[in-house]
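Input: a single structure, listed below in structure tokens.
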Amino acid sequence: MFYELIYTRCKHGFDILRGGQAVTGEGYKVYACTPQLIDEKNLDLNFLANAVQTKQSYSDPDFMDDAYLYFAPDFRSGFMIDFHPVIYDKNAEGNYSHRPGNFLNHVLIGDYSEKYPFELFKNKKIWNAREKNEAYYYETDPSDLCEHGEINNYKSYYTFEDIKAFVADGRVEALAKTVSFLITQFEKKPENRKYLVIKDESSENIEKWIAAVECAFSPRIAAAIPFATRMDNFITANRYTINQTGKFVLNINLQDPKQKKRFRAMIIGVDTRDKSNNKTENPPAGSPFVLLNGIDKKALFEADISNNFFRLITSFTDEHKYFCRVFLQKQNINSPDKKIFNLYKIFLQA
């Protein structure tokens, strides 16, 4: 089952950190949610509450693409946010404060191990909160949102063939190096990892890069790789800390031995149209990230791609699909791991 939450500027809402206590007054808040998530023991509620408040950069009306952020916290349940910037309509009617700069975060919380997160991109059946106008969230009293149970049956906007064509267009080596980089990083302790920045000229290209990376693994493994197709002020915003139980800490203190550093996303997209966040050229050696230049289709970092596995996961053949979606999904591997190389040898011998 998946839980749902909507966060936006509204008149009536809830405080999920206070047992669903009603909150009244104009401003941003949780408008509605599935009530069961408030008592969910497998959810880091403080991390969720912090993440849903975040606003990503956009420019009305020229750069208004949705952004997708998928979180895989140490403490169990993951969640995905569809960040939707609201176009300002100065002629809109309704009894609410008519101000520009509004946005909506629609969240889906649950177990993503059976479905690639990218398969939810642009899914209008799931991300339907954006269909309501601003006046709706002021003039309509919130009601409980239902649990979702049918998500795994939804069709993906990007098909396997779409992603195959995207990769075949000069991106094979860059994808292989990206997958190798992630496997290497996941071998390290989380606090010692670097993350990947993908710079490209459209949200769609960034989404396809992420889809291609996820297709290199099983859905269960892909569920361990958090990403953001866009993240404002990412060098600062991507970092957070957890306590000894693996739960989110609001105030970072790296001098505190009880806190450990984490990244919200291991893959972050940078759209060249996003003027606030596209200064990523040639990250220095001490940088927390490496760069994939999607425009030039080149990974600006070294990675070992000599294993036959990398030829498989850039081929997008039936063998590729079966190995990752079926064979690898049945194995007890929950994050990127070099054990996959030996499993591929076994697969070929079967």
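A compact table of results
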quantity	calculated
Those residues of the range 331-346 which are under 20 Å from SER113 (Cβ atoms) and either among the aliphatic types (A, V, I, L, M) or without any contact (Cβ under 8 Å) to a residue 60 or more places away in the chain (or both), in sequence order	ASN332, ILE333, LYS339, ILE340, LEU343
Members of the range 200-229 found to be surrounded by fewer than 24 Cβ atoms within 10 Å (Cβ to Cβ) and within 20 Å of PRO283 (Cα to Cα), listed by number	ASP200, GLU201
Given (1) surrounded by 17 or more Cβ atoms within 10 Å (Cβ to Cβ); (2) under 25 Å from the mean Cα position of the chain (by Cα); (3) over 27 Å from LYS261 (Cβ atoms), index of the condition ILE305 fails	(2)
Tally of residues being part of a helix (DSSP H, G or I) and either outside the structural domain of LYS275 (by TED's automatic domain parsing) or within 17 Å of SER180 (Cα to Cα) (or both) across the range 201-218	6
Filter result (outside any strand (DSSP E or B) and either in contact with a Lys or Arg (Cβ under 6 Å, 6 or more places away or on another chain) or closer than 15 Å to ALA129 by Cα (or both)) within the range 18-41	THR34
Criterion (of a type in the set (Gly, Ala, Ser) and in contact (Cβ under 8 Å) with a residue 24 or more places away in the chain) met by exactly one of ALA22, ALA49	ALA49
Filter pass, LEU254 being at pLDDT below 95 and closer than 18 Å to PRO190 by Cβ	yes
Identity of the residue in the range 235-289, hydrophobic (A, V, I, L, M, F, W, C) and in contact with a Ser or Thr (Cβ under 6 Å, 6 or more places away or on another chain), that ends up farthest from LYS199 (Cα to Cα)	VAL249
Some residue of the range 235-248 being in a loop (DSSP other than H, G, I, E, B) and buried (at least 17 other Cβ atoms within 10 Å of the Cβ)	yes
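The values are calculated or read from the model by the stated rules, or taken from the named source; none is laboratory data. Only a predicted model underlies this, so the values are computations on that prediction, with no experimental measurement involved. Because the Cβ atoms are built from the backbone with ideal geometry, glycine has one as well, and the counts that use them run over all protein chains shown.
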